[in-house]
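Take a look at the structure below.
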Amino acid sequence: MFATLSDRLTSTFKNLRTKGRLSEADIDATVREIRRALLDADVAVSVVREFTGKVRERALSAEVSGALNPAQQVVKIVNDELVSVLGGEQRPLRFAKTPPTVILLAGLQGAGKTTLAGKLALHLREKGHTPLLVAADLQRPNAVTQLQVVGQRAGVPVFAPHPGTQEGSDGSLSAPAGDPVAVARDGLATARSRQHDVLIVDTAGRLGVDAEMMQQAADIRDAVGPDETLFVIDAMIGQDAVATAQAFAEGVGFTGVVLSKLDGDARGGAALSVASVTGRPIMFASTGEKLTDFEVFHPDRMAGRILDMGDVLSLIEQAEKAFDAEQAEAMAGKLASGEDFTLEDFLVQMQGLRQMGSMKKMLGMLPGMGEMREVIENFDEREVDRIEAIVRSMTPAERQNPKIINGSRRSRIARGSGSTTADVNQLLERFASAQVMMKQMAKGAGLPGMGGMGRLPGMGGKKSRGKMAPQARKAKAKSGNPAKRAQQEREAAERAAGKRPAGAPGSAFGLGRPAEPSADPSSLDLPPGLEKFLGR
């Protein structure tokens, strides 16, 4: 979502880094570019004005003028102010002292409340809680059915005493049955009796802010007394997000914001505006259609993504969820003992990567990936499936020892995986490189071709030169001085005639003990046929 904004800011800072010292004109030009980038991203004008004002004030202070690297200091200032605009610190959910903790979801229709209810329930269930979903949206057609399906996928029970509005086969809608306020109240009683520690109430939305919707949401709030009221907002609606958030803050009140559809291609101004305008923190973000596409919102990490600094912490957290700690420890022990990295191990690692989610999303979390955004966008997610199919088409013996895979085996593997022999060859070549890399890393020698200290090929350094094979000594070039060149030619002629030794042995400077007189060739006991080399 923040791709365009990120590219604009990164380009601005790249121009700034070419200057050793920043003048007031340089700072004004930078602030002006930042202002344009934020306005183009549909950030609220009041937020842009306050943001750029703080950046300019800090950039003109001694904080930057006295810095060793003023450009980096300006980037740090922009990062700090972005974190502040996004809410400062991450705020976790507040749980009630006496369960159940009641979480009320509110927002416009189409913002993704029902799907988000399932994502939040799954997130809490993985944290060890026992949530219960309440279907209090009786107005939207099939909303109750959708929540039941989402709850089933998340493994969370749903309290739904009324079916709500149903759409018939002919397209007609049945009248809504039941009272949403009573459903919410009965759901709270059910949660207490069944000892659920979290209650998530899904409420109805409208296509626009109206008095009826506000009143119903307020009545449900009064009936259940929520510990957290989360306002679910579509991150793609731009400036309307701010007006809608302000209307809900005045009509119902909310304690936190959840951004949905953060994976869209909109400009992302809502995310940068809503926290600053409403004064309420952004607590969660929905980043896709799957129930696992849900994450806790960290302002500092989001600022890092926008400035193309990456989000390595989130990447590590996802890896910890996807990879088994015992398997990772066993793999580390295997490599440390010198055992080969096999295709069976490779398959386990590939399955772990698939559990982490979208490869594009993971690659986007790495620092500096903004310059490779086009390559990442063109990456085919199905490539992982193709590789897994090729490996699964191999026998256990072939996975353990890929060297036994000959031409006929490659053809069989290609047919079994629906690929070509060239694809199999390419995978085996890459795997051979990965094996070498794993061995190098296990020995602590760094990546292959990078030397013990992780040098790139061609880099200097005594350690890297010491491990290289000695090169043949080149012949000394002829001097441009006529007298010296004549002397070099005489010495070369004497060496060719055997009158002058090339250099005394044992001396680095060509000055050593005089050479001993050579033995008579006739006295040497040589094999037959070597006389010609002695000039006989």
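Surface composition of the stretch 1-45: carbon and sulfur atoms hold 46% of the protein heavy-atom accessible area at a 1.4 Å probe.
Multiplying the residue separation of Ser433 and Glu494 by 0.36 nm and removing their Cα-Cα distance gives an extension gain of 16.7 nm.
Label sites at Val384 and Asn406, each approximated as a point 7 angstrom past Cα along Cα to Cβ, lie 3.6 nm apart.
You can think of it this way: the chain between Asn79 and Asn425 has 120.0 nm of extra reach, that is 0.36 nm per residue less the Cα-Cα gap.
When Glu81, Glu344, Glu57, Glu289 are compared by accessible area at a 1.4 angstrom probe, the order from most to least is Glu289, Glu57, Glu344, Glu81. One compactness figure for the stretch 399-438 is 1.16, namely its Cα radius of gyration divided by 2.2 N^0.38 Å. The alpha-carbon atoms of the stretch 97-162 define a convex hull whose volume equals 90 cubic angstrom per residue.
The values are calculated or read from the model by the stated rules, or taken from the named source; none is laboratory data. All figures in this text were calculated on a predicted structure; none of them were measured in a lab. Virtual Cβ from ideal backbone geometry, glycine too; neighbours counted across all protein chains shown. These accessible areas exclude ligands, DNA and RNA; they are computed on the full protein's heavy atoms, side chains included. Shrake-Rupley method; radii C 1.70, N 1.55, O 1.52, S 1.80 Å.
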